[in-house]
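Undergrad: One structure, as structure tokens, below. Some questions next.
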Ligand code: FES
Ligand code: FES
């Protein structure tokens, strides 16, 4: 089986590896890089459990070959917490009980992260639309929406404080 050399920046770290052309990005992340926070739910582009950010855009990593990501910047759920402090999205899911089994959560959070970067002050309908490619089978979506609203508010007040030089 022929292999291809790819270089990707994952969570800020450059990674060069030889991969088979059929290797899916989700398997590259989970198996080659041991980043197992990205989940596999359906393997058929339906559930969103495998969502990561590719150059800032949420994508389903079960639907892309690793070779197609060559040269890209990828962010996974592992990039969110810093020095033991949760990202506002993680905090929101914690505070607003946005999860039950948690299996869908990394994908939900990565979709929300990409979304809030573009739309920092969304209304409820926009949030629901943004996570419409992510399925949750046990919590229901109200708490997830509240968690994302919590994060949006927190991120906005952090930005306002930064702008004031606080
Ligand atoms: S595992 Fe990728 S969409 Fe379900
Ligand atoms: S919390 Fe269980 S699938 Fe969403």
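The values are calculated or read from the model by the stated rules, or taken from the named source; none is laboratory data. Note that the structure is a prediction, hence the values are computed from the model and not measured. We place every Cβ from the backbone using ideal geometry, glycine too, and count neighbours over all the protein chains shown.
Undergrad: When you look at residue 124, is it surrounded by fewer than 17 Cβ atoms within 10 Å (Cβ to Cβ), away from ligand 2 (no atom under 11 Å from the Cβ) and farther than 19 Å from residue 39 by Cβ, yes or no?
TA: Values: surrounded by fewer than 17 Cβ atoms within 10 Å (Cβ to Cβ): yes; away from ligand 2 (no atom under 11 Å from the Cβ): yes; farther than 19 Å from residue 39 by Cβ: yes.
In short, yes.
Undergrad: Can you go through 35, 23 and tell me which one is within 17 Å of the chain's Cα centre (by Cα) and touching a residue at least 40 places away in the same chain (Cβ under 8 Å)?
TA: From the options 35, 23, the qualifying one is 35.
Undergrad: So residue 63 passes all but one of these: (1) away from ligand 1 (no atom under 16 Å from the Cβ); (2) free of Cβ contacts under 8 Å to residues at least 60 places away in the same chain; (3) surrounded by fewer than 19 Cβ atoms within 10 Å (Cβ to Cβ). Which condition number does it fail?
TA: (1)
Undergrad: Which members of segment 41-59 meet the condition of being over 10 Å from residue 77 (Cα atoms), touching a helix residue (DSSP H, G or I) at 6+ places or on another chain (Cβ under 7 Å) and more than 14 Å from ligand 2 (Cβ to nearest atom)?
TA: 43, 45, 54, 56, 57, 58, listed by residue number.
Undergrad: Still on this structure: Kindly list, by first and then second residue, each pair from a residue in segment 127-142 that is under 12 Å from residue 51 (Cα atoms) and within 8 Å of ligand 2 (Cβ to nearest atom) to a residue that is at pLDDT 95 or above and part of a loop (DSSP other than H, G, I, E, B), limited to pairs with Cβ atoms under 6 Å and residues at least 6 apart or on different chains.
TA: What qualifies is 135/47.
Undergrad: Got a sec? Which of 89, 116 is farther than 20 Å from residue 29 by Cα and within 16 Å of ligand 2 (Cβ to nearest atom)? Working first, answer last.
TA: Working: 116 fails: within 16 Å of ligand 2 (Cβ to nearest atom).
Answer to the check: 89.
For every residue, the table says whether it meets (1) at pLDDT below 95; (2) over 19 Å from residue 116 (Cα atoms).
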{"site": "2", "(1), (2)": "yes, yes"}
{"site": "21", "(1), (2)": "no, yes"}
{"site": "27", "(1), (2)": "no, yes"}
{"site": "46", "(1), (2)": "no, yes"}
{"site": "62", "(1), (2)": "no, yes"}
{"site": "65", "(1), (2)": "no, yes"}
{"site": "68", "(1), (2)": "no, yes"}
{"site": "72", "(1), (2)": "no, yes"}
{"site": "77", "(1), (2)": "no, no"}
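Undergrad: Say whether the condition of being over 17 Å from residue 5 (Cβ atoms), modelled with pLDDT of 95 or more, surrounded by 19 or more Cβ atoms within 10 Å (Cβ to Cβ) and away from ligand 2 (no atom under 16 Å from the Cβ) is met by at least one residue in segment 31-40.
TA: Yes - at least one qualifying residue is present in segment 31-40.
Undergrad: Then there is this: Within segment 81-104, can you find the residues that are out of contact with any helix residue (DSSP H, G or I) (no Cβ under 6 Å at 6 or more places or on another chain) and buried (at least 19 other Cβ atoms within 10 Å of the Cβ)?
TA: 90, 104
Undergrad: Part of a loop (DSSP other than H, G, I, E, B) and either modelled with pLDDT under 95 or touching a strand residue (DSSP E or B) at 6+ places or on another chain (Cβ under 6 Å) (or both) - does that describe any residue in segment 140-157? It would help to see each step written out before you state the result.
TA: As a first pass, look at segment 140-157 and keep what is part of a loop (DSSP other than H, G, I, E, B): 140-141.
Okay, now just the ones that are also either modelled with pLDDT under 95 or touching a strand residue (DSSP E or B) at 6+ places or on another chain (Cβ under 6 Å) (or both), so 140.
Scanning segment 140-157 turns up at least one residue that is part of a loop (DSSP other than H, G, I, E, B) and either modelled with pLDDT under 95 or touching a strand residue (DSSP E or B) at 6+ places or on another chain (Cβ under 6 Å) (or both).
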